[in-house]
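The values are calculated or read from the model by the stated rules, or taken from the named source; none is laboratory data. Since we're looking at a predicted model, the values are computed, not measured. Quick reminder, even Gly has a Cβ in these numbers, built from the backbone with ideal geometry, and neighbours come from all protein chains shown.
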Amino acid sequence: MSISFANPIANGANIRSLARALVPLLAGAGAYLLFLSMGEIMLRDSDTLWQIRIGQWIVEHGAMPYTDVHSFTRFGEPWMSSSWLSQVLFAFAYGSMDWAGPVVLTSLAIGVTVAIFIYLLEEYIDPARSILIVTLAVLMSATHFLARPHMLAFPAMVAFIGGLMAAADRRGHPSWLLLPVLALWANLHGGFVLGLALIGPIGLEAIWCCDPERRVALAARWALFGLAAVVASCCTPYGWNTLLGAVKILSLGKLLTLIWEWMPANFGSISFFEVALLGLIGLAFFRGLVLSVPRILLLLGLIWMALSHVRNIEVFAFVAPLVLAKPFAEQLGTGQTAVVRELQSRSRVVMLAALAVAVAGWASTKTFAAHHPFSFFEAQTPVAAVDVLKQRQAQRIFSTAPFGGYLLSRDIKTFIDGRAELYGEQFVIDYFDAIEAKDVDLLLRLLETYRIDATLLNPTLPATKLLDHLPGWKRLYADDIAVIHVRDDRPATTQSAVPESPR
């Protein structure tokens, strides 16, 4: 009798464990298909255009860029591509599948990130809650889900930081297998410096909570891992210069307040981040959550990063749950058993399911892409206006930074594009003041200093309206996306040298 009861129970446990093992895989596949189906939302940032062009340049020349060759204002000045591998991947994807390629690549990165995230949570949180948490994390981060290098690095970020937290949760040292993950991250995107910065705080959590007699040895292991991580992050074509290039953008000072993704979070209107943050505070008070000092400092650091720059909201969304998962599980009694993880790791069903999902996903991708041609955001691609400039053989075009990406894609050297670290703080601030017509003399000086022969600006910009009245300039072309002004060769008539700024 006991055997007949035991077998159904054992079989039921195996089935449940396999079902749990399939949750990360199926959730990742669902996230991939969801974002693939609405891929145009990832094709709305002009940085995608110049990222692809630089990737194409790397492939064409078989070399890494060390100086700028894409602008006429910074031509020949030192510049390194901290996202070279992502740029090459995007270039290959675009070359093989047109705009469907970057969409597929970015959607795949989102799906893999979701799968890794749920896998890291499942030891402490049941599948239903994991799905709820990852849904909220995606909603908080979706505004920054763009076909750009940071998205291809996203799975590596979650895997590396999640691996560090897993080591801290078991009060041990991190696996050396995380070093190749960090090296991959460093080649995909300059954000790998975050991973380096978090080794210390997360290591402190492991040392703080371990047995006192193990602290010295454990601290030494974490310190050794930190040194090895610095070396691993320099395993790029740029070597040690990778570290300098990655942090250069953080020295842009006041300029960071003018670029959307570097602006501080705004609670003037309701957002998923605001709801999640307030909900987390309320839940912590309601449940009486107790955290160690290092975990408190780590969580406060993540909140500060998200409040300081909106681009860090996705870091908070996907890292904060990893920081809180174990304490919540211990205090609420919701942790999963070690047996479940062991059964999952030995399951061949998961491998077969992964293969089936991959085959079905690729087949559905090919079918969907064949019947759904993707196109880039029209407002960032002034096709007709650039055709006019090409016919006129304009060489030195004063344009907005968003149009710079499209100009690069048409092999036209730019006045400015999205590489703010190349142009520097003062140059970009002067550019903003000029296009907003805050300083007319500055606009005139830029036009003369850089020998501008044509302008390509948005119709609504103050500088566009100002150029309609500037002596020596005339409107040549206009549509809903862009307006072109060129130098007027007619003799100057009697009029004021500098008109008032348009109101």
What number of residues within segment 350-402 satisfy the criterion of being over 26 Å from the mean Cα position of the chain (by Cα) and closer than 30 Å to His70 by Cα? 16
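Listed here are the residues, each with its yes/no results for (1) closer than 23 Å to Gln426 by Cα; (2) crowded, with 20+ Cβ neighbours inside 10 Å; (3) outside the structural domain of Gly239 (by TED's automatic domain parsing).
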{"position": "Gly39", "(1), (2), (3)": "no, yes, no"}
{"position": "Trp50", "(1), (2), (3)": "yes, yes, yes"}
{"position": "Ile58", "(1), (2), (3)": "no, no, yes"}
{"position": "His61", "(1), (2), (3)": "no, no, yes"}
{"position": "Arg74", "(1), (2), (3)": "yes, yes, yes"}
Of the residues in segment 377-400, those that are aromatic (Phe, Trp, Tyr) and either part of a helix (DSSP H, G or I) or touching a Phe, Trp or Tyr at 6+ places or on another chain (Cβ under 6 Å) (or both) come to Phe398
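Out of Val103, Val114, I need the residue that is crowded, with 21+ Cβ neighbours inside 10 Å, in the same structural domain as Trp362 (by TED's automatic domain parsing) and farther than 16 Å from Ala153 by Cβ. Which one?
Val103
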Tabulated pairs, segment 430-442, first in the same structural domain as Pro459 (by TED's automatic domain parsing), second among the β-branched types (Val, Ile, Thr) and surrounded by fewer than 16 Cβ atoms within 10 Å (Cβ to Cβ), C-beta under 9 angstrom, 6+ apart or interchain: Val440/Val498; Asp441/Val498
Given Trp222, Trp262, Trp208, which one is among the aromatic types (Phe, Trp, Tyr), modelled with pLDDT of 85 or more and surrounded by 18 or more Cβ atoms within 10 Å (Cβ to Cβ)? Trp222
Just name the residue that is surrounded by the most Cβ atoms within 10 Å (Cβ to Cβ) out of those in segment 401-424 that are among the acidic types (Asp, Glu) and part of a loop (DSSP other than H, G, I, E, B). Asp417
Flagged in segment 323-352 as touching a Leu at 6+ places or on another chain (Cβ under 6 Å) and either at pLDDT 95 or above or not in a loop (DSSP other than H, G, I, E, B) (or both), in numbering order, are Val323, Ala325, Pro327, Val349
Is there a residue being surrounded by 18 or more Cβ atoms within 10 Å (Cβ to Cβ), touching a Pro at 6+ places or on another chain (Cβ under 7 Å) and of a type in the set (A, V, I, L, M, F, W, C) anywhere in segment 235-243? no
Does at least one position in segment 187-197 carry a residue that is at pLDDT 95 or above, in the same structural domain as Leu291 (by TED's automatic domain parsing) and touching a Cys at 6+ places or on another chain (Cβ under 9 Å)? yes
Find the helices (runs of 4 or more DSSP H) located wholly in segment 108-170 whose residues include 3 or more that are in contact with a strand residue (DSSP E or B) (Cβ under 6 Å, 6 or more places away or on another chain) and within 24 Å of Ala354 (Cα to Cα), and list them. none
Would you check which residues across segment 225-259 are at pLDDT below 80 and touching a helix residue (DSSP H, G or I) at 6+ places or on another chain (Cβ under 7 Å) and list them? Ala246, Val247, Lys248, Ile249, Leu252, Gly253, Lys254, Leu255, Leu256, Leu258, Ile259
Pairs needed: first member in segment 396-414, hydroxyl-bearing (Ser, Thr, Tyr); second member anywhere, assigned to a loop (DSSP other than H, G, I, E, B) and surrounded by fewer than 21 Cβ atoms within 10 Å (Cβ to Cβ); C-beta distance under 7 Å; at least 6 residues apart or different chains. Thr400/Asn458
Can you name every residue in segment 63-90 that is within 30 Å of Lys366 (Cβ to Cβ) and either assigned to a loop (DSSP other than H, G, I, E, B) or in contact with an Asp or Glu (Cβ under 9 Å, 6 or more places away or on another chain) (or both)? Ser83
Out of curiosity, is Pro294 farther than 30 Å from Ser96 by Cβ, modelled with pLDDT of 85 or more and not β-branched (Val, Ile, Thr)? yes
Ala320 - would you say it is modelled with pLDDT of 90 or more and under 30 Å from Phe285 (Cβ atoms)? yes
Do the conditions hold for Gln391, that is, is it of a type outside the set (Phe, Trp, Tyr) and modelled with pLDDT under 90? no
